[in-house]
Amino acid sequence: MGPLPDTSSVLPVREYLLVALTAAVVTFLLVGLVRALAFRIGAVAYPRQRDVHVKPMPRMGGLAMYGGVLGGMGLAHQLPVLRAAFDFSYDPWAVIAGGGVIVLVGVLDDRFELDSLTKLAGQVTSAGILVLFGLQWLVFWVPWGDGDGRGSLLVLDQNQGALLTVLLAVTMVNAMNFVDGLDGLAAGIGLIAAAATCAFCIGVLAKNGGDVGSYPPALIAATLAGACLGFLPHNFNPARIFMGDSGSMLIGLMLAAAVTSASGKLNYGSFQSIETIDLLGLLSPLLVVAAVLFVPVLDLLMAVVRRTRRGESPFSADKMHLHHRLLEIGHSQRRAVLLIYLWAGVLAFGTVSLTLFDATVVMWCLAAGLLLALLVSAVPRLREMRRT
């Protein structure tokens, strides 16, 4: 993949914003129709002991989000600049096909409460579709293995790349599914992670002088960000509809697809050409992946460890997720959601900023942001300690 001669000097930022806005508007408009459909077919979440909501709530919001993704992808296909994402890669088509399958599985679960093994089979199938379209990890850089201090590239064969891609996708899908416990939480984290990934891809696009390889991941991230943004007004506390598994699993799959497309196929030659090797720049793909996955995956790992230690299935439900703990120490639903937004935003955008701006300044800002997030999270406990 080489640079586009007519777009290498101009970043298509406005086009990506237009695509994201289109996805947001389509999602926002479709939610009303999906809400009525959910009530009609019985895809309704009735309050359970571990739930926070207290009245029946329609699910299947992911169906509207998928419609928004299709709207954004359709517009991008018609824009001459972004058409390159489809002409030089099957990645957008992989997301459309894999996303359709996982939304279908999610809709069935929202209506009929599928068992965990059936859902896992659907998740693996959706991730496998990504691989079949060629969206998989091929190579990544490691800071060892070469005597000149430049590190080395770890090249994966097709089987290794496919396995890593499926594992990442299934992990991300379940992480987003686990974190979807408060109004607006999964949609907000999806928006933040997708926007950070899109910013990273545009930054790489600028460094590479318009390399076509950076167009598909930026497009995937932009459409996902728009779909999450369009869904949030209906889902933020007090919610009128839940995204359900159809939405949370779609977010997880698209995030995995975006970071795989961005990092698994990154043109490392653009970094190696720099006289003084920027180690942070070379590590940036893995750092961005780690930052995007950190909050939901941490919650997922804590839940798996907690449940297996009790002798329960890792997929059994409880009220000890990160958001439940924030509620326990005294935060309101809205404040707990905004706090997790803050943590996710500081980590994701802080990491992306490391690849775009002076690392020393960004590290100080990142440390200050994390300290602020920690202090705000601990406010109820600090008040309780002062009273005692």
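The values are calculated or read from the model by the stated rules, or taken from the named source; none is laboratory data. These figures come from a predicted structure and were not determined experimentally. Cβ sites come from the backbone with ideal geometry, for glycine too, and all protein chains shown count toward neighbours. When the accessible area is computed, the model is the full protein with side chains, heavy atoms only, and any ligands, DNA or RNA have been set aside. Shrake-Rupley method; radii C 1.70, N 1.55, O 1.52, S 1.80 Å.
Numerical summary
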read-out	value
Residue that is farthest from residue 195 (Cα to Cα), among those in segment 221-264 that are aromatic (Phe, Trp, Tyr) and open to solvent by 10 Å² or more (accessible area, probe 1.4 Å)	242
Members of segment 344-364 found to be touching a Gly at 6+ places or on another chain (Cβ under 7 Å) and without any contact (Cβ under 8 Å) to a residue 24 or more places away in the chain, listed by number	362
Test: residue 110 is at pLDDT below 95, open to solvent by less than 10 Å² (accessible area, probe 1.4 Å) and more than 22 Å from residue 22 (Cβ to Cβ)	yes
Those residues of segment 194-251 which are part of a helix (DSSP H, G or I) and among the charged types (D, E, K, R), in sequence order	207, 245
Top-ranked residue in segment 73-94 [being in a loop (DSSP other than H, G, I, E, B) and without any contact (Cβ under 8 Å) to a residue 12 or more places away in the chain; ranked as surrounded by the most Cβ atoms within 10 Å (Cβ to Cβ)]	83
Any hit, segment 188-202, residues being among the hydroxyl-bearing types (Ser, Thr, Tyr), at pLDDT below 85 and crowded, with 24+ Cβ neighbours inside 10 Å	no
Residue 97 open to solvent by 50 Å² or more (accessible area, probe 1.4 Å) and within 17 Å of residue 166 (Cα to Cα)	no
Neighbours by Cβ (under 9 Å, 6+ apart or cross-chain): first from segment 2-31, closer than 19 Å to residue 254 by Cα and modelled with pLDDT of 50 or more; second outside any helix (DSSP H, G or I) and small (Gly, Ala, Ser)	none
Complete set of residues in segment 113-135 that are in a helix (DSSP H, G or I) and either open to solvent by 70 Å² or more (accessible area, probe 1.4 Å) or touching a strand residue (DSSP E or B) at 6+ places or on another chain (Cβ under 8 Å) (or both)	117, 125, 132
